[in-house]
Amino acid sequence: MGLFDTDDRPGVGLRADGLPDIVWVEIPGGEFIYQEGEKREVATFWMARYPVTYRQFQAFIDAPDGFYHDRWWEEEGKHPEEPGAQAFPYGNHPRERVSWYDAMAYCRWLSAKLGYEVRLPTEEEWEKAARGVDGRVYPWGNEYISGYANIDEGYDNAGPYYLQQTSAVGMYPQGSSPYGVLDLSGNVWEWTSLWEREPRPAPPQEPLGLLDRLRQLIPGTPKPREPKGAQHYVNLSPVLRGGSWDYDAQDARAASRNHSRPASPNYNWGFRVVRPAPAVSDL
């Protein structure tokens, strides 16, 4: 994996047994402000402090019973080819070019290995972790502050460091959420568990023919045919949150939403995991 593979910070690499090392942060349950002022409620859960790193996802790929094992995959999401090539292959950077199906398979594999459920966050969980209870615009507060996250660092954008890529996870502690979760704004967009229907503009309508126009004028005649293009199509796709290095400050707001096809990897897409809060007896 090359450069930055010696990063030994907790939560960035692997445990002694070769499984991903995750630092869990408790996100207290309760009511919070969702989107543009709606009140919602979540149960207590734990969220990974960082997005899944390249080194951690590689453990899934390299495991004999990992990425290439059918048991972790939904039928429509199975990979006919190798996993997507990381655009920025540094061990402590977030793993990008992962599809939603890739992220789900990783969660199933890690759940089996750890003995408890590991999954993608819901949109509500993700937003509660980013905003706390005061409805802040960004994880650190209401004003965008340049240099608080890896945002707008693309080739033609205006970020302060002109990184042109992802950064090692946790490099912007000043951008921490109220609970101590890092990189919720910027670095990579993060898959959530929710699929959303998005209306698509209808294609241009073809004009009605002469007979159809005449039928409209004669009472009691059958309803004229609906012109082609009148139906509105929908796109069912998973939602991403948080913005990325190649997107601007507007996209990095805690309420900002994106979506993409579930089989579509991209060098802006990554993910992080959550787990249910363990019972007191399990602690």
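Where a number appears in this text, it was derived from the coordinates with a stated rule and is not lab data. On a predicted model such as this, the values are computed, not experimentally measured, just so you know. No Cβ is skipped: glycine too gets one built from the backbone with ideal geometry, and neighbour counts run over all protein chains shown.
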Quiz prompt | Förster-model FRET efficiency, 41 Å R0, Asp8 and Glu36, C-beta, rounded to 0.05 | solution = 0.50
Quiz prompt | Residue order, fewest to most surrounding Cβ atoms within 10 angstrom, among Trp72, Trp24 | solution = Trp24, Trp72
Self-check item: Sorted by Cβ neighbour density within 10 Å, fewest at the top, the residues Val274, Val133
Solution: Val133, Val274
Quiz item: What FRET efficiency would be calculated for the residue pair Gln174, Ala87, taking the C-beta separation as r and a Förster radius of 25 Å, to the nearest 0.05?
Solution: 0.45
Quiz item: aspartates and glutamates within cross-link reach of Lys113: Cα-Cα under 20 Å, excluding same-chain residues under 8 positions apart?
Solution: Asp17, Asp21, Asp62, Asp65, Asp70, Glu74, Asp102, Asp282
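Based on other C-beta atoms within 10 Å, arrange Lys128, Lys39 from fewest to most.
Listed from fewest to most nearby Cβ atoms, that is Lys39, Lys128.
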Quiz item: Which length gain, in nm to one decimal place, applies between Ala16 and Thr122 when the Cα-Cα distance is subtracted from 0.36 nm times their residue separation?
Solution: 35.1 nm
Quiz item: Residue by residue, what Karplus-based ³J(HN,Hα) values in Hz, rounded to whole numbers, does the stretch 124-133 have, using 6.51, -1.76 and 1.60 with θ = phi - 60° and x for Gly and Pro?
Solution: 5, 4, 4, 6, 4, 5, 7, 10, x, 10
Quiz item: Once amide H atoms are built 1.01 Å from N in the peptide plane, which residues 5 or more positions from Tyr144, or in another chain, come under 5 Å H to H?
Solution: none
Practice problem: Pull up all non-local amide H partners of Val188: gap of 5 or more, or a different chain, and H-to-H distance under 5 Å with H placed in the peptide plane. | Solution: Trp245
Quiz item: Taking H as built 1.01 Å from N, whose amide H comes closer than 5 Å to the amide H of Gly11, not counting residues under 5 places away?
Solution: Val23
Exercise. Output the relative contact order of the stretch 35-129, whole-number percent, from Cα pairs under 8 angstrom with separation of 6+ residues.
Key: 32
Quiz item: Under the classification rounded if a/c is under 1.5, otherwise prolate if a/b is larger than b/c and oblate if not, where does the stretch 52-128 fall, given a ≥ b ≥ c as square roots of the Cα gyration tensor eigenvalues?
Solution: rounded
